[in-house]
Each structure stands twice: as structure tokens, then as C-alpha cells.
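Here, each number is a calculation from the coordinates, and none is a lab measurement. Since we're looking at a predicted model, the values are computed, not measured. A quick note on method: Cβ atoms are made from the backbone with ideal geometry, for glycine too, and the neighbour counts reach across all protein chains shown.
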């Protein structure tokens, strides 16, 4: 009887093992397309034997556990490649938008710069022609609109980044909360029976994959089946059953730039985030968007400063010195929200040639100020930084920028963005075509200016007076004090002489005996330059005209008169601004600088495409390797079905045989 009973029990255990194996195989087949599902296997083991009649007789089999096909190394490769691919994708998407915007033949700046300078050249060729002047004014307005449009679209991209950062943070919070909830469930179920809650483990791994698509994380398994999740620099997102929610917060300096912070205490953690969509967005804003805004703003500020300076050197059709043609953007200075002082701070551009495309951090270290270039991370020192104090105001001068600050407490810091607003705030402010100062202040002629405006030349020497030009400093010229650039003036030699000798001169108003200025010059083979100061600032500096020749006679005279509407000397100087090297410490023109910006953006966009393609390939390889271990193979599962079905049928047959033997035994009794 016991033998028959053992046969039936053993067959029954085999039947149960086959049932579990068939159920597990069916589960695999059902989840063949379930994202993150790992193939499961029912692992059988023998039951402890019984000692009967001097022999150990087997008691059949049981399912020891159901395992999932899992390789932690391959899973980590999937996670890291997901983070890298998502970051590259976000960065590439944003860079393509900037590239299309900056390099667009229709909406870019290159064609508009060419059209504007074409209008300037027309005025230089026809300085008295009002239609040419009106065309230049119209082109100036179009140029301003282009700058504003480009600056506005870049700001729109910045606003879009803020919105996407908010969406990503919301997605991260949802995922980390689900991971913490699964940690709780896994911990509760891991102690029940001999198996693991494989489906929950798969779900958690899949959530971590989705989390890596938002931000790169590292995972640290715990002994109780739970995992802790950290950002790349170790900021905790999940610790056991606790999820640490994030939020967006205004930047410490610029409230319009959203940062990522802990929801509980507001601590900003943006600088430590990398990988995933969020990391790609933060990288784009810091390394591509802000530099592009600054570079475009520097061109706009340079255009405004140089054209306004040249305008102020000339005379318009109304006989007045030129008024500003453009208005550039203000220097943006932002105080840290953590400052304890009540400091006031302002900034201005002093020299566009020295401007960089960097932002700067100013720090008050107990009365000693430090300035850090945020693009290079280097603190400015030596001749690169000038610090002076007058009363309660401290003035810091660096890289073409001057900042005045007062009332700052020790530890206070400020962010200086010299050119960030240059493009969006750029304006064309001259609307009167007569206001274009195409003429030089003076036309020089040999002779005496008569009351009727004619000039009578009775000079006996061979000295000539050049047309003259503006100069920033008097340099080696003979400074004429007591007069300022104003029309007209009469220069009269008070003594004669030849090459190498000194002769005297005096300056009067035409028809007046009142001496406004006097001095001496030494006749030289290379000429002698007179420097007359400008009264207005800008432009400041001097009007320099050169006396050339080897012979002078007492009484020789030279008239400096209004150049008149037909003069184009200053218009030609404006036209020459197109090729002038005013940016990058005198190494680049406006168009050169824009070409550099286009090239930098295009290079970054191409690199991002290459990086994206490479990361996608790595991600595909990592996924394929992981699936080769964890994925469901339908052919293999079909074979398993046949195997387990046959085992099931064999066990059922054994039970049938046992029942038949038992029936025969009963009949024999």
C-alpha cells in the first residue's frame, strides 16, 4: 500500500511542478511585449526522501523559487545609456532651433548688416541727398528690428527651457514617489515564502529607466530589497520608502532663470544635475543659449557705441554735431537673493573693444572685491581688474565694463551680464534724415575767410593744412588750448620760417582781432599736427589737422570753415565701420563676430547630432545585451511548453497507474 501511495504522491508533486512551470511559461508569453519585463523561470527541487525498509525513497519534487533573468551590470548600462541619450536628444533639439535661427539667410543678421551698410555707403556717396539719407534711416530701423527679433526669439527659447524644466521636475517627482512606494511593497513581500516579487522588481527597474530619461541617477541596492536613488553628484532622490520631491525655484541672481531645488528646504541643486532631459536642458542654457545671447548682444552694443561715436564726430545738415543713431542695451547687474546688505549697484560699458561674451560674479570679501569670469571660472587680477573707492562708492572696471557699488555687506555677491540685453534692447533712435552727420566739422582752406564767405589766399609760404580727422588723444600733436571744435576758425601765422625753424600762430574767429589761442610749431619734414579739443563728449578727443611744407611767411592764413552739406568725410568714416575691427580686442568686425557666432552654434549643433547618434547606438547595444539575458524568446517558451506539457502528462499517467494498482489490490482482498 505504501508503495502505491508513494507512487501517487510523487506523481502528484510532479503534476504540481509542471503546472507551476506551465503557468510561469504562460506568464512569459503573455508579457513578451511588456516594457521592462524580465523572463521568469520556475526552479524545481526534490523533496526530502523517506527512509523505508533500509532505503531512502524519493518523495517527488517541488518548486523552490521563481527567478527572473537579470544582470545588474547590463541593467546599469541601460540606465546610464538612457540618461546620456535623453540628454543628447534634449540638447540637440534646442541647438537645432538656435542654429536655424542664427544661420537663417532670411531671418539672420548677415543680410541685414549688408543692407544697412549699403545704405551708409549711399549717404557717403551722396551726403546731401535726402532720399539716400531716408533709406539709411529705414535700414537702421530694419537692423534694429532684426536685433530685437533675434534677441526676442532667444528669450523665447529661454522661456521654453523654463517650461520644460518644470515639466521634467514634475515627471521626476512622480517617478521617485512610485519608486519609493514599490520599495515599500517589495520590502513587505520579500520576506514571504522563498521567492521574490519579480513583477514588482521589474516595475521598479522600469521606473528607474524612465527616471534616467529625465535626469541621470545612480542606484544603490539595500539589504532589505529596497534601493536608494541619487543624482549624479550624490543628491538623494529616494531613500528607502522616502521620496525627496523637487521643485523649480527662481535663480539666486536672476529670477527669470528657473533652477531645480528641493521642495522641502529650497536648496538649489541644479549645478549637480546631469544626464536625462533635465540635464540636457540645463547644459543647453548654460553652454549654448546664454553665450549666444551674450555674443549677439555684444554685436548690438558694439554697433550702437561705434556708430554713435562716429555720429558725434560729424556735422548734420542742420549744422549740429550728430546725435545718437542707435541705443544699445543696459548692463544687467543682479543682486543675490542671499545678500544681507542694502547695496545699490549699476553698470555701464566703457570700451566695446574689450567686451567679452562672458558673465561675471562680483563678491565682497570683507571690503576686498573679487571678480570671476563665469565662462572661464578664473578670477580677474592685476591689470585686468581696477578697483577704486570714492567715499561710499566702490568702482570696479574690467573687460570694458565699469560697475559702481555702494552699501554692500561682507559676503554679498552680484551677477553682471554686460551684453545679455544688448540685442533685445537695441533701438534705432534717429528718425530725422537730416540728422545723419555725414560731414566733417571742418573744411580747411589756405587763405582768409571773408564776411561774404569767400576765402582769399595771399599766402607766400608753401604750407598746406590737411582736411583733418578725429583723434582720441592729442598724442604728439601740438595741443591748441582755449578753443574747441566749432566753426569757423581762422589760423594765422605770426612769424615766418623754413624747415626746422619754429614759427608762431594764433587762432581767432573770422573777422575778429580777439585771440582765442596761440602757440608755436616747428616746421618738420613730416609736418606738424595741431589738435583742437572737442567740446562735446562724446566724442571727446581732438580734431587734428596737419601743417605740411617747408616754408612759412608771417601773415599766412588758413581757414577752418563748416564743411557744408556736400562734405562726406564723416559719412566715409561711417561706411568704414563695416570692416573696422572693434570687437574682441580689435580682432573682429561686426560681421566677423556674427560669423563666429554662426560658426560656434553650427559646430555645437553638429557635435550634438554626432553625440546623439553615438549615444543612441550605445543605448541600442545596451538594450540588446540586456534583452539577450532578460528578454522573452517565444521559440524557447514554445519548446518549454512542450516539455512541461509532456511532464504533466507523464505525471498524470503515473497517477492513473497508481490508481489502477490500488484498485487491483482492493479486488484481490
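Highest mean packing comes first when the peptides 419-430, 42-53 are listed by Cβ atoms within 10 Å, giving 419-430, 42-53. Considering segment 21-71, its Cα convex hull presents a mean projected area of 4.5 nm². To the nearest 0.05, how large is the calculated FRET efficiency for residue 383 and residue 323 if R₀ is 35 Å and r is the Cβ-Cβ distance? For residue 383 and residue 323, the calculated efficiency is 0.50.
Across segment 441-562, the convex hull enclosing all Cα atoms gives 87 Å³ per residue. What the Cβ-Cβ distance of residue 607 and residue 551 gives, at R0 = 60 Å and to the nearest 0.05, is a FRET efficiency of 0.30. The protection proxy used here, the mean number of other Cβ atoms lying within 10 Å of each residue, ranks peptides 633-646, 612-625 as follows, highest first: 612-625, 633-646. The share of Cα pairs per 10 Å bin across segment 290-428, counted from zero up to the longest distance, runs 12, 39, 30, 15, 4, 1 percent. Size of segment 1-115: Rg and Dmax of its alpha carbons, in Å, are 31.4, 110.
Between residue 125 and residue 579, what length in nm is gained on full extension when 0.36 nm per residue of separation is reduced by their alpha carbon distance?
Working: separation 454, 0.36 × 454 = 163.44 nm, distance 1.73 nm.
Length gained, residue 125 through residue 579: 161.7 nm.
Residue exposure proxy: 17, 515, 238, ordered by other Cβ atoms within 10 angstrom of their Cβ from fewest to most, comes out as 515, 17, 238.
When only alpha carbons are used to place a centre, segment 314-381 and segment 510-524 end up 43 Å from one another. Computed over segment 599-658, the Cα gyration tensor eigenvalues convert (square root of 5λ each) into semi-axes of 56, 6, 5 Å, ordered from largest to smallest. Between 0 and 90 degrees, the angle of helix 72-102 with respect to the longest Cα principal axis of the chain falls at about 30 degrees. Each part reduced to its alpha carbon centroid, segment 391-470 and segment 151-209 end up 60 Å apart.
Using only Cα coordinates, the Kirkwood hydrodynamic radius of segment 165-292 works out to 15.4 Å.
Counting only alpha carbon atoms, the long axis of helix 290-313 and the longest principal axis of the chain meet at about 10°. Here are several values of mean projected area of the Cα convex hull in nm²: (i) 30.6; (ii) 35.3; (iii) 44.3. Which one was derived from the coordinates shown? Looking at mean projected area of the Cα convex hull in nm² for this model, the match is (iii).
Taking the convex hull of the alpha carbon atoms in segment 107-188, what volume per residue do you get, in Å³?
72
Angle check, please: helix 110-125 long axis (alpha carbons) against the longest principal axis of the chain (alpha carbons), in degrees 0 to 90, nearest 10. So the inclination is approximately 10 degrees.
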